[in-house]
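Below: the structure, in structure tokens.
The values are calculated or read from the model by the stated rules, or taken from the named source; none is laboratory data. Computed from a prediction, not measured in an experiment: that's the story for all the values here. Counting neighbours? That spans all protein chains shown, and the Cβs are built from the backbone with ideal geometry, glycine included.
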Amino acid sequence: MKRTALCLAAALAVGSAITSDSARGAKIGTEAASLSFKDIRCLARSLGDLGEAKGYALVFLNTTCPIAQRYLPRLEELHKQYAAQGIVLVGVYNSQDENPKDIAAHGLAAGLTFPLVWDEGQKCTQLLGVERVPTAVLLDSSKHVVYTGRIDDQYRPGGVQPKVGRHDLALAIDQLLAGTAIEVAETPVDGCKVTAWRQPQFDHPVTFHEHIEPILQKRCQGCHHEGTAAPFGLVSYDDAKSQAEMLAEVVRDGRMPPWYAHTEYGHFSNDPTMSREERDLVEAWVLADMPAGDPAKAPKPLEFAKTIWRIGEPDLVLTMKKPHKIQATGFIPYKYIFLPPAFSDDTYVEAIEIRPHNRAVVHHCNAFYVDSATMKAGAHTFLTGFVPGGMPFTLVPGLAQRIPKNAVVGLQIHYVTTGKEEESTISIAFRYAKDTVQKITHFTLLDPRDISIPPGDPFYQMQAHAKLDKDITLLGLFTHMHLRGRDMTFNAILPDGSKETLLQIPNYNFEWQLGYLCPRPPHEKKLPAGTELEAIAHFDNSKFNPFNPDPNYTVPYGDQSYDEMFNGFVFYVYDEDQLNLKIDPKTGHAVKDGAPQASAEAASK
């Protein structure tokens, strides 16, 4: 009896399409030129963005339907078979429980190289009468429906045929390409019933002061308050009300708070992701016309530091002596500048922050140090960076970044134009370590430079490896690519041969290059000596990449954003270190009383 009930439940969950399903689908000949959706970068797109084609095969999917999952390899085969013949295959995800990052991760896991989009609000689903996934809808070059139904007849809720009886979608595509009538233009679909999107509902009124303000304090106000780079505040009721519709949209699609790590891998202390309930509360509040509620139920307002520095008041600030003149238009080669004086002794810092005085012209800026005698940087002289959406470099007590004696700080600056002539001055601030330093930070940079991305390639793969020679504790991970960067995954291949994914960024965003901070004790992540660090990245040089400068360009390695880079940073400390360095908080120097000085020399190796 129990087994019968389980089978019945499974049948209800997956379901078998009946003939009336296809009858309720899009009518053959229906024009679908106005279809719109969002891509994995959360950008609004349309069929026109897919370019001119002989046909468009839209296959409706989600990340959970068992039958849809079985068909993923076949869809990739169809894409590879027909792309060169002028057929564009698109995966259209339509579940309310998924967002563009989930879709990107799903496609990455399945190795899907065709465009994946999100049918937010199920507008495409409704227009084309899709009731089950995986449903395929084939459009001709003029974007009229010529076929709607199943992919083929092999996978069904009740079982699997040994082989395909009829390749329905492929046959329809062949006939479309041949210019003949589609022999079977409609077929029933076996798969999972599409659940209609529903507005969030609560058993109580949702008001700003009681429900929304605590969420904004926890997730948003750290960036969205006066004096920050955020374009507007989210501190008061009026702040939130004026941005309410945009707030609901970016929360719904996962664009805000910005976070690009896939939730399945790793845990990070700076993860600002809203829970499903928090997202629903925001959307319900906006749908209810943004009631303010009782101010007495509001949380205590947050107090923000009265300083221009996010690291707090610094101990040392170095600033460019003369501003750079920035032209109005065009590309600007990277600029390099040095900020004397040289450090008079080994200096230990617990926080570093780069501050452009004119943020509009600085896309990113990297700080490093050079030896004042040679003025050359080394493989491990990187200090920190200023990047879109990034955070200052900060360490917990007991850890420090060492800047060696006679070092001079340098800046590598990527400027962008704004349409008018501008000036730029940049400062860098340091906060010295306090009390005792036990460990200094190290990093491994996975940086292959043999980049050559073919024109039009939507899924060009590269990887890099490095082996750890000591036991380490991870501090964080960071990736940097340019406009064609699509995703990056960090793996640890342990000495026993097992593999663990440390971080996956399935929908990399050039404008939000975040750092991912690993938890501190007792939840820290340790890796033994002999572990191989692996980073795997994909680049999208296709026409469908909205930021691609030129899909006809064979992309080489290069500093400028129209070329590409592959930077996978892994930051850590050595577990064996117990340096016991007593630090003078006024200078950041180790107190030279014998034993600590010896440790300082050891730390410099």
TODO: Restricting attention to helices (runs of 4 or more DSSP H) lying wholly within segment 1-105, give those where 2 or more residues are of a type in the set (Val, Ile, Thr) and at pLDDT below 95.
DONE: 2-14
Task: Residues of segment 235-251 satisfying the condition of being under 30 Å from residue 122 (Cα atoms) and either in a loop (DSSP other than H, G, I, E, B) or polar (S, T, N, Q) (or both) - done: 242, 243
Task: Filtered residues of segment 274-310 (kept if part of a loop (DSSP other than H, G, I, E, B), at pLDDT 95 or above and either closer than 20 Å to residue 396 by Cβ or in contact with a Pro (Cβ under 9 Å, 6 or more places away or on another chain) (or both)) - done: 274, 288, 291, 293, 298, 299
Task: Residue pairs meeting the criteria (Cβ under 9 Å; at least 6 apart or on separate chains; first in contact (Cβ under 8 Å) with a residue 40 or more places away in the chain, in segment 260-287; second of a type in the set (Phe, Trp, Tyr) and surrounded by fewer than 18 Cβ atoms within 10 Å (Cβ to Cβ)) - done: 260/512; 280/202; 281/202; 284/202
- [ ] Output yes when any residue across segment 533-540 is within 25 Å of residue 105 (Cα to Cα) and in contact with a helix residue (DSSP H, G or I) (Cβ under 9 Å, 6 or more places away or on another chain), and no when none is.
- [x] yes
Task: residue 114 within 23 Å of the chain's Cα centre (by Cα) and aromatic (Phe, Trp, Tyr) - done: yes
Task: Residue selected from segment 85-138 under the condition over 17 Å from residue 538 (Cβ atoms) and hydroxyl-bearing (Ser, Thr, Tyr), by the criterion surrounded by the fewest Cβ atoms within 10 Å (Cβ to Cβ) - done: 125
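Mind listing just one residue for me: the one in segment 489-506 that is in contact (Cβ under 8 Å) with a residue 40 or more places away in the chain and either of a type in the set (Asp, Glu) or touching a Phe, Trp or Tyr at 6+ places or on another chain (Cβ under 6 Å) (or both) and, of those, farthest from residue 107 (Cα to Cα)?
Going through segment 489-506, the residues in contact (Cβ under 8 Å) with a residue 40 or more places away in the chain turn out to be 489-493, 501-506.
So of that shortlist, the ones also either of a type in the set (Asp, Glu) or touching a Phe, Trp or Tyr at 6+ places or on another chain (Cβ under 6 Å) (or both) come out as 501-505.
Working: 501: 17, 502: 19, 503: 16, 504: 13, 505: 12 Å.
In this case the residue turns out to be 502.
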Open item on the list: I want to confirm something. Restricting to segment 459-481 and keeping residues that are surrounded by fewer than 22 Cβ atoms within 10 Å (Cβ to Cβ) and either under 19 Å from residue 562 (Cβ atoms) or aliphatic (A, V, I, L, M) (or both), which single residue is farthest from the chain's Cα centre (by Cα)?
Closed with: 468
TODO: Write out, first by first residue and then by second, each pair whose Cβ atoms fall under 6 Å of each other, whose residues are 6+ apart or on separate chains, and whose first residue, in segment 47-69, is more than 14 Å from residue 128 (Cα to Cα) and not assigned by TED's automatic domain parsing to the domain that holds residue 456 while the second is in a loop (DSSP other than H, G, I, E, B) and of a type in the set (S, T, N, Q).
DONE: 54/141; 62/95
Open item on the list: I'd like to check which strands (runs of 3 or more DSSP E) are fully inside segment 504-605 and have at least 3 residues that are over 30 Å from residue 486 (Cα atoms) and at pLDDT 95 or above.
Closed with: 581-583
Task: All positions within segment 38-58 that are of a type in the set (A, V, I, L, M, F, W, C) and more than 24 Å from residue 508 (Cα to Cα) - done: 53, 57, 58
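Which of the residues belonging to segment 351-367 are assigned to a strand (DSSP E or B) and under 14 Å from residue 426 (Cα atoms)? Quick ask: steps written out before the conclusion?
So the first thing to find is which residues in segment 351-367 are assigned to a strand (DSSP E or B), and the list is 351-356, 362-367.
Selection gives 352, 353, 354, 355, 356, 362, 363, 364, 365, 366, 367.
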TODO: Could you give me the residue pairs with C-beta distances under 7 Å whose first residue belongs to segment 146-162 and is in a strand (DSSP E or B), whose second residue is among the hydroxyl-bearing types (Ser, Thr, Tyr) and surrounded by fewer than 20 Cβ atoms within 10 Å (Cβ to Cβ) wherever it lies, and which are 6+ apart or on separate chains?
DONE: 156/16
Task: Residue list for segment 77-102, restricted to those being out of contact with any helix residue (DSSP H, G or I) (no Cβ under 9 Å at 6 or more places or on another chain) and aliphatic (A, V, I, L, M) - done: 83, 84
Open item on the list: Can you report the number of residues in segment 209-246 which are within 30 Å of residue 309 (Cα to Cα), more than 27 Å from the chain's Cα centre (by Cα) and touching a residue at least 40 places away in the same chain (Cβ under 8 Å)?
Closed with: 3
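For segment 251-262, which residues satisfy the criterion of being aliphatic (A, V, I, L, M) and over 14 Å from the mean Cα position of the chain (by Cα)?
Our first condition is that a residue be aliphatic (A, V, I, L, M); within segment 251-262, this holds for 251, 256, 261.
251 - this is the single residue of segment 251-262 that is aliphatic (A, V, I, L, M) and over 14 Å from the mean Cα position of the chain (by Cα).
If only one of 254, 266 is part of a loop (DSSP other than H, G, I, E, B), buried (at least 20 other Cβ atoms within 10 Å of the Cβ) and in contact with a helix residue (DSSP H, G or I) (Cβ under 6 Å, 6 or more places away or on another chain), which one is it?
Working: 266 fails: in contact with a helix residue (DSSP H, G or I) (Cβ under 6 Å, 6 or more places away or on another chain).
Of the residues listed, the single one that is part of a loop (DSSP other than H, G, I, E, B), buried (at least 20 other Cβ atoms within 10 Å of the Cβ) and in contact with a helix residue (DSSP H, G or I) (Cβ under 6 Å, 6 or more places away or on another chain) is 254.
Got a sec? Which of 413, 337 is among the β-branched types (Val, Ile, Thr) and over 28 Å from the mean Cα position of the chain (by Cα)?
Details: 413 fails: over 28 Å from the mean Cα position of the chain (by Cα).
Testing whether each residue is among the β-branched types (Val, Ile, Thr) and over 28 Å from the mean Cα position of the chain (by Cα) leaves just 337.
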- [ ] Collect the residues in segment 306-359 that are touching a strand residue (DSSP E or B) at 6+ places or on another chain (Cβ under 6 Å) and β-branched (Val, Ile, Thr), keeping them in residue-number order.
- [x] 311, 317, 319, 326, 332, 337, 347, 349, 352, 354
